[in-house]
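What follows is a short report on a single structure.
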Amino acid sequence: MTASLGDRNKIVIIDDEEDFAVTAAWEVEDAGYEPFLIVEGTFNDIDDLVLQIPQDTYGVLCDHRLGKSGLANFYGSDLVATLYDQRIPALLGTQFYDMDSDVSIRKHRHKIPVLLNKDKIDSSSIKAGMEICLLEFDGNVASDRKPYRNIVRLVDVNQESGEDVVDVIIPGWNPYKAVRLPLALICEWLLEFQPKIGARLIASVNTGAENPEDLYFTNFEIATEPEGIDGIP
């Protein structure tokens, strides 16, 4: 994408439900942008879908479950994380907000500055979301997105939709509320990690987040001494 930011006015809407994409396009227009819809095709590779995004794109509004009608064989969260690495502002929307946030979205939550319930997407949330993305790209990370080193304690090991998951407590965030995340996320940092109830890890967590669905986890390591770790007395 070679056009300067000031020359870009398109917001690309990626969704396998055309009716929603058309409705979202009205909100994009109300926000002062030109909508560009990607609602057809079959994309097996993220890069192939990225190539469909015009050069004069200002940002992207992407549905999470892109496979319901066969638009893509990956999640919207995978695409948004890829766009984040390319410094392309992208908002992720889902109509399965509570179901998706713990596992499939949590894997990339550190690269998803804005997660929206599709029922609440409007011109205001689109404009505000794009601004949040751009500020984060410039290093102006919102307080609820800043990571801090925290103890993460495993309290349960389970499965969800055929995927291994763990429930954890982050004392520095809320010592009484468990948060679910995919085991694969921990194993990105600890390749041979075997989950056991009571195990203590250290991870970077954005403990300024108010809601559990907004928490992200990176840089896991095995906990030894708690001194000097945020949230630990």
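The values are calculated or read from the model by the stated rules, or taken from the named source; none is laboratory data. No experiment lies behind these values; they were computed from the predicted model shown. So basically every Cβ, Gly included, is an ideal-geometry build from the backbone, and we count neighbours across all protein chains shown.
C62 - would you say it is touching a residue at least 60 places away in the same chain (Cβ under 8 Å), in the same structural domain as I46 (by TED's automatic domain parsing) and either buried (at least 22 other Cβ atoms within 10 Å of the Cβ) or within 12 Å of the chain's Cα centre (by Cα) (or both)?
Numbers: touching a residue at least 60 places away in the same chain (Cβ under 8 Å): no; in the same structural domain as I46 (by TED's automatic domain parsing): yes; either buried (at least 22 other Cβ atoms within 10 Å of the Cβ) or within 12 Å of the chain's Cα centre (by Cα) (or both): yes.
No: the conditions fail for C62.
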Practice task
Could you list all residues from region 66-78 that are crowded, with 21+ Cβ neighbours inside 10 Å and over 11 Å from H108 (Cβ atoms)?
Solution key: L66, L71, A72
Exercise for the section: Within region 107-149, count every residue that is closer than 15 Å to E213 by Cα, acidic (D, E) and without any contact (Cβ under 8 Å) to a residue 60 or more places away in the chain. Expected result: 0
Exercise for the section: Looking for whichever is within 21 Å of I132 (Cβ to Cβ), part of a helix (DSSP H, G or I) and β-branched (V, I, T) here; the options are V12, V28. Which one fits? Expected result: V28
Handout entry: Residue within region 194-206 that is surrounded by fewer than 17 Cβ atoms within 10 Å (Cβ to Cβ), without any contact (Cβ under 8 Å) to a residue 40 or more places away in the chain, in the same structural domain as V157 (by TED's automatic domain parsing) and not hydroxyl-bearing (S, T, Y) present
Key = yes
Practice task
For S161, work out the one condition from (1) touching a Cys at 6+ places or on another chain (Cβ under 8 Å); (2) in the same structural domain as T207 (by TED's automatic domain parsing) it doesn't fulfil.
Solution key: (1)
Practice task
Find all pairs meeting these conditions: Cβ atoms under 8 angstrom apart; at least six residues apart or on different chains; first residue within region 163-176 and without any contact (Cβ under 8 Å) to a residue 24 or more places away in the chain; second residue in a strand (DSSP E or B) and polar (S, T, N, Q).
Solution key: D167/N158
Completion exercise
Subset of region 35-59, residues without any contact (Cβ under 8 Å) to a residue 40 or more places away in the chain and assigned to a strand (DSSP E or B), comes to P35, F36, L37, I38, F43
Fill in the blank from the handout: In region 50-78, anything of a type in the set (S, T, Y) and at pLDDT 95 or above is listed as T57, Y58, Y75, S77
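Does E17 qualify as being assigned by TED's automatic domain parsing to the domain that holds L116, modelled with pLDDT of 95 or more and over 17 Å from the mean Cα position of the chain (by Cα)? Lay out the reasoning, then the answer.
On the way: assigned by TED's automatic domain parsing to the domain that holds L116: yes; modelled with pLDDT of 95 or more: no; over 17 Å from the mean Cα position of the chain (by Cα): yes.
No, not satisfied.
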Practice task
Give the residues of region 79-101 that are surrounded by fewer than 19 Cβ atoms within 10 Å (Cβ to Cβ) and modelled with pLDDT of 95 or more, sorted by residue number.
Solution key: T82, D85, Q86, R87
Handout entry: Exclusive hit being of a type in the set (A, V, I, L, M), in contact (Cβ under 8 Å) with a residue 60 or more places away in the chain and within 15 Å of L116 (Cβ to Cβ), set A31, A21
Key = A31
